[in-house]
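The next block holds one structure in the form of structure tokens; read it before the comments.
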Amino acid sequence: MSAEKYIKNYINGALVPAVSGDYLENLTPSTGEVYSYFPDSGPADVDQAVKAAQEAFPGWSNAEPRTRFRLMMRIADIIEQNLEVYAKAEALDSGKPFTMSSTVDIPRAQSNFRFFATAALQFGSESHHMAGSAINYTLRQPLGVVGCISPWNLPLYLFTWKIAPALAAGNTVVAKPSELTPMTAFLLSQACIEAGLPAGVLNIVHGLGPKAGQAIVEHPGTKAISFTGGTKTGQHIARTAAPMFKKLSLELGGKNPNIIFTDCDFDEMMVQTLRSSFSNNGQICLCGSRIYAQRPIYERFRDELVKRTQFLKVGPPLAKDTDLGALVSKAHMEKVQSYLSLAEVEGGKILCGGTVANPGSTYENGYYLRPAVIEGLPIDCRTNQEEIFGPVVSIAPFDTEAEALELANGTPYGLSATLWTQDVSRAHRMAEHLQAGIVWVNCWMLRDLRTPFGGMKQSGIGREGGQEALRFFTEPKNVCVKY
Ligand code: NAD
């Protein structure tokens, strides 16, 4: 298993170049240099992948559930045995610290395969008894060929979060990772070959979103699209797929609030708030980017957050003491910087960070930014309304519970929210009224893979996770038997 210079598509069980023979450059954000190439795939490659998946579907969907289980567990084992290779590839491709990819991203990719391999064996369906006359039961059957499209921020983690339930439920898959982070998806193709996954069951097509991704969404052979990415791309995908009556799961952007009440466990809140602000450079859809602290502790909180933020070490992804690595691309760094300038125009004061960092030696052209804390912005300004997806948080005080709710719910997004309070009644009251698909109380990103995962409002439609994912990837059919 190895990260190679020329990444290949994985179609019908083989590693192949794009039909056109063209490759695109893959940069590592750690140095800004090209270090590998990936296929510039298009409709012809997607068509081959869909045909291979269609041919593989009868065999895979009719296989003993135990067969699917064993193969998926084997893939997880291979990822585990090669943890270091995968984690290093993820760090170089995305700019995130190896300390994160080796403890979060890659272990979670293994768990995704193991969790859904097991969950599918436990998957039940409903029956509805009409007393004295009939029994209804629901069959949940695989859809056929499904499309899975994922983003760059948690590359293999989110790629496998879709692929694993789709395969476990008996579907065959055509999947595309982000063009910014293709390497671990390529390693996954090697793992599938080593595990003996039958040809065509999983096909991985590399390439650009508007070309290869669009071809997956448009292809009449894909019956469902599971997409994670930006809200604008989600809208575009919905416009294409909805008239074709494809099932759609859209996990989109966020602008998540953290609400900190005076009665919180201050020390634990500080530790977790620093994580929720700057983990993965703030490039996690669940990061809390708007932080509201109750007035009596606001100044203490602000000063402590600034102090701890300034201690974070920005450095190369493979260095052991790096807290924040490189941002994923030059374009993304410039986008984040443009929001920092905008914040000042909108009346915000940057309390720390926001400047370019240079870890020195060969890393001077990488995309490094010091994490920023901004104060003094009104709720309705663009900096507080639009997703920045970088190491930037905006902080503000509030007085009452009602005001905190209004602030928290005051954006078009509704992915997650975090509450810090020791008052159980208040936590329940707030949770009931928060417009978010996920509410964390006195914790952040504590994940149980059985729970529904997703957002409301412009953060998407549908839920992933546990039974929700298995339901999405199956077609319910009611059978009514009169007796
Ligand atoms: P993006 O929308 O630019 O790209 C996501 C994927 O879609 C990529 O693989 C891309 O190639 C593909 N794509 C682009 N255009 C396409 C098209 N026309 N048809 C089909 N596919 C297309 O998003 P990104 O910049 O890679 O990721 C960052 C975004 O993802 C942020 O908004 C973040 O909040 C969101 N995100 C959401 C969740 C969640 O669970 N809600 C999780 C992680 C990231």
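No lab work stands behind these numbers, since they all come straight from the coordinates. None of these values were measured; they are calculated from a predicted model. Glycine also receives a Cβ, built like all others from the backbone with ideal geometry; neighbour counts cover every protein chain displayed.
Partners of Lys349 within straight-line reach, counting aspartates and glutamates whose Cα lies under 17 Å from its Cα and excluding those fewer than 8 residues away in the same chain: Glu299, Asp303, Glu304, Glu375, Asp380. Its alpha carbons give segment 229-300 an Rg and a Dmax of 17.6, 54 Å. Quick check on segment 409-483: take the gyration tensor over C-alpha atoms, sort the square-rooted eigenvalues as a ≥ b ≥ c, and tell me if it's rounded (a/c under 1.5), prolate or oblate. Prolate is the answer for segment 409-483, as a/c is 1.5 or above and a/b outweighs b/c. The order of Asp93, Asp321, Asp303, going from fewest to most other C-beta atoms within 10 Å of their C-beta, is Asp321, Asp303, Asp93. In the distance distribution for segment 297-336, Cα-Cα pairs more than 12 Å apart total 67 percent.
Remark: segment 419-483 carries a charge dipole of roughly 200 debye about the Cα centre, counting +1 on each Lys and Arg Cβ and -1 on each Asp and Glu Cβ.
As a length-normalised measure over Cα pairs under 8 Å and 6 or more apart, the relative contact order of segment 124-249 settles at 26 percent. Legend: distances between Cα atoms for Lys232/Lys457; Lys176/Lys457; Lys211/Lys255; Lys247/Lys477; Lys8/Lys313; Lys5/Lys162; pairs beyond 24 Å are Lys176/Lys457; Lys211/Lys255; Lys8/Lys313; Lys5/Lys162.
Just the Cα atoms of segment 257-441, one point each, no solvent: what log10 I(q)/I(0) does Debye give at q = 0.15 Å⁻¹? Here the Debye-derived log intensity ratios amount to -0.84. For the pair Gln467 and Asn136, the difference between a 0.36 nm per residue extended length and the Cα-Cα distance amounts to 117.1 nm. For the chain, a simple Cβ point-charge model (Lys and Arg +1, Asp and Glu -1, everything else neutral) yields a dipole of about 1140 debye relative to the Cα centre.
Charged side chains reduced to their Cβ positions (Lys and Arg at +1, Asp and Glu at -1) give segment 87-213 a dipole of some 60 debye around its Cα centre.
For the chain, the equivalent ellipsoid derived from the alpha-carbon gyration tensor has semi-axes of 38, 29, 19 Å in decreasing order. Take every pair of alpha-carbon atoms less than 8 Å apart whose residues are at least six positions apart; their mean separation over the length of the chain yields a relative contact order of 19 percent. Rounded to the nearest Å, what's the spacing between the alpha carbon centres of segment 227-282 and segment 89-103? Just the number, please. Taking the Cα centre of each part, segment 227-282 and segment 89-103 sit 20 Å apart. Each of His332, Gly376, Tyr413 was scored by the projection of its Cα onto the charge dipole of segment 257-441, and the greatest displacement toward the positive side belongs to His332; charges sit on the C-beta of Lys, Arg, Asp and Glu.
Checking every one of the chymotrypsin sites (Phe, Trp or Tyr not before Pro) in segment 201-274 against DSSP loop status and a limit of 10 other Cβ atoms within 10 Å picks out Phe245. Using the Cα centre of the chain as origin and beta-carbon charges of +1 (Lys, Arg) and -1 (Asp, Glu), tell me which of Pro476, Ala431, Thr309 is placed farthest towards the positive end of the dipole. Sorting the options by dipole projection puts first Pro476. Counting only DSSP beta bridges with both residues in the chain, the antiparallel share comes to about 45 percent. In plain terms, the chain is cut at each of the trypsin sites (Lys or Arg not before Pro) found in a DSSP loop with at most 15 other Cβ atoms within 10 Å, and the longest leftover piece is 6-312.
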